[in-house]
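Read the structure below first, then the notes.
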Amino acid sequence: MGKSKKRKLSAEDAAAVSISSKLKKLRGVAKDTKSPPAFHCGKTCASLSPSDGSLYEECLSTSYSGFRHETVSSALSCQFDTSLEGLDSLYQYDVVQPGKFRMTKTSVTRTLVGNPGSTYKYLGLRLFSHPWSDVDERGERQTLRDLGYSEDIASALLTIGRINTELVDRTNTLLKRHVEPFQPVILPANFSLTLINKMEPSSTKKDL
C-alpha cells in the first residue's frame, strides 16, 4: 500500500492550530485542571445574581474567579429574541455518530450561523453555516437575498451577525481591562460562527 500524503494546511488553518496550541499551553486543558472550591451559601438558593450583593461577590471570588457579568440593553435583548424567532425555519434535527457504529438523532433542533463558508464538525457530522453577512464571491458581492434567503430570514441572519460583532467588541474590552495586565493574551478575540440549539416541547413529534 502507498503512503498517504499529508494535507498541507492553509495559512488560516495553521494560524488556528498555532493559537489553539498556545491557549492550551497557557491555560491548560480540562482533564488537567482542578475543580474550583465549592461554594456553600448557608441557605437554599437555586441561583445568585448581582442583586444578592456580598453573597454573590463571595461566590465569584470562591468558585468563579475571572467571571464577568454584564447587563444587556433591552433593545439588544429584543433584537436577539426576534432574530432567533426569524431563523425558525432553519432549525432541524441532525443524525450524529457518537460511537464508531451507533447513529443517533440530536435531542434538540439546531442551526449553524457564521462567516460565509465556515463549517463545524461534531460527532462525525460536518455542518455548513448560514452566512450572517453578505457574501463576496470572487470579488462579486452577493446579498443574502441573492442567495435565495427570504427577507425575514436574511434580516434575522444579518442581525445575528451584528450582535456577534458587538459581543466581539465587548470581549476584547474585557480582555484588555481584566486579563492583559496580568498575563499575556492573544488578541483580538473573534467569534467566526455560532451553533444555535432550540429545545422543542417534549410533546412535539420528532420526525427526521
Quick one: which of 101-108, 67-74, 190-197 comes out on top by average Cβ neighbours within 10 Å, and what's the full order, highest first?
-> 190-197, 101-108, 67-74
Starting from the Cα gyration tensor of region 108-153, take the square roots of the eigenvalues, sort them a ≥ b ≥ c, and report rounded, prolate or oblate (rounded when a/c is under 1.5, otherwise prolate if a/b is larger than b/c, else oblate).
-> oblate
Within the accessible area of region 79-165 (1.4 Å probe), percent carbon and sulfur = 48
Would you grab the residues whose amide H sits under 5 Å from the one on residue 125? Only those 5+ places off in sequence or on another chain, please, with H modelled 1.01 Å from N.
-> 97
Scaled radius of gyration (Cα, divided by 2.2 N^0.38 Å) that region 52-208 gives | 1.27
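Over region 29-125, what is the mean sequence separation of C-alpha contacts under 8 Å (at least six apart), divided by residue count, expressed as relative contact order in percent?
18
Which order do you get for 64, 56 if you rank them by accessible area with a 1.4 Å probe, largest at the top?
Numbers: 64 125, 56 20 Å².
Correct descending sequence by accessible area is 64, 56.
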Tell me, how many Å apart are the Cα centres for region 38-53 and for region 113-138?
-> 40
How would you rank 162-172, 32-42, highest first, on the average number of other Cβ atoms within 10 Å across their residues?
-> 162-172, 32-42
Quick one: which residues, 5 or more positions from residue 198 or on another chain, have an amide H under 5 Å from its amide H? H modelled 1.01 Å from N in the peptide plane, none for Pro or chain starts.
-> 109, 110
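The values are calculated or read from the model by the stated rules, or taken from the named source; none is laboratory data. Everything quoted here is computed from the prediction, not taken from an experiment. FYI the Cβ positions are ideal-geometry reconstructions off the backbone, even for glycines, and counts take in every protein chain you see. Heavy atoms of the whole protein, side chains included, go into the accessibility calculation; ligands, DNA and RNA do not. Shrake-Rupley method; radii C 1.70, N 1.55, O 1.52, S 1.80 Å.
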